[in-house]
Amino acid sequence: MADETEAGKGRPTPSRKEAEAARKKQMKTPMSRKERAKRDRAAREEIRLKQREALKTGDERHLPLREQGPVRRFCRDYVDRRRNFAEYLLPFLIILLVLFAVAGSVSPTATTILTAFVYPFLILGTILDEFIMVRGLRRELRARFGEDAIKGSTTYAVLRSTQLRRFRLPKPQVARGQELGANYR
């Protein structure tokens with residue numbers, strides 16, 4: 001027979017008297033506006049802390065509304081399992097800025113070459129990679145969730161793909177190259 005104290009909730013069941021007292025205490029409304037505001041602020045802070053922790057751990061129950069649901073979870077996993085050109089765009093642009101500063105002082109033709117070839121390569125590479133990702137995502141969303149799931153999901157995926165993997169919230173739950181499961185409902 002299993003020990004009942006080690007059950008799921010981790011605390012003893014309150015007695016009827018304790019439960020009624022807690023309910024009555026909760027039902028009492030604060031008398032002043034300041035007390036009510038203080039209680040509401042504390043409740044909002046508690047929700048915010050739960051959401052922040054959920055963004056770090058991927059806990060579906062406490063994620064913000066924009067992050068909830070099987071479609072959004074699938075979009076996150078779809079983006080996180082692949083290398084995205086767009087996630088490296090910001091570091092490339094910073095390196096390019098440094099190169100412009102160095103090349104501008106050395107030779108104006110070097111700046112022209114950087115502008116004529118590197119910028120278009122970065123922009124076209126990002127656009128092409130995003131197009132390929134969105135096309136594949138739409139195909140998968142249609143197959144798994146139907147036509148209604150596509151609206152808004154591709155924008156969500158594109159915005160997620162532009163962030164460096166280590167800074168994405170909710171944190172990635174799949175490894176790069178990992179196959180996506182069929183259990184998203």
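The values are calculated or read from the model by the stated rules, or taken from the named source; none is laboratory data. Computed from a prediction, not measured in an experiment: that's the story for all the values here. Methodologically, a virtual Cβ is constructed for each residue, glycine included, from the backbone with ideal geometry; neighbour enumeration extends over all protein chains shown. Remember, those area values only see protein heavy atoms, side chains included, never the ligands or the DNA or RNA. Shrake-Rupley method; radii C 1.70, N 1.55, O 1.52, S 1.80 Å.
The Phe131 and Phe92 beta-carbon pair, evaluated with R₀ = 22 Å, returns a calculated FRET efficiency of approximately 0.75.
Beyond 26 Å in Cα-Cα separation lie the following of the pairs Lys17/Lys50; Lys50/Lys151; Lys9/Lys50: Lys17/Lys50; Lys50/Lys151.
By the combined test of axial Cα extent (at least 18 Å) and Kyte-Doolittle hydropathy (mean at least 1.0), the qualifying DSSP H helices of the chain come to 89-106.
Express in whole angstrom the spacing between the alpha-carbon centres of region 77-101 and region 127-185. With region 77-101 and region 127-185 each reduced to a Cα centre, they are spaced 18 Å.
For the chain, the solvent-accessible area works out to 74 Å² per residue, with a probe of 1.4 Å and every protein chain left in place. Between Arg48 and Ser15, the FRET efficiency from the beta-carbon distance, with R0 = 30 Å, is close to 0.40. Across all directions, the average projected area of the convex hull around the alpha carbons of the chain is 19.4 nm². Convex hull volume of the C-alpha atoms in region 69-118, normalised per residue: 75 Å³.
For the peptides 175-182, 47-54, the ranking by packing is 47-54, 175-182, with the highest mean count of neighbouring Cβ atoms within 10 Å listed first.
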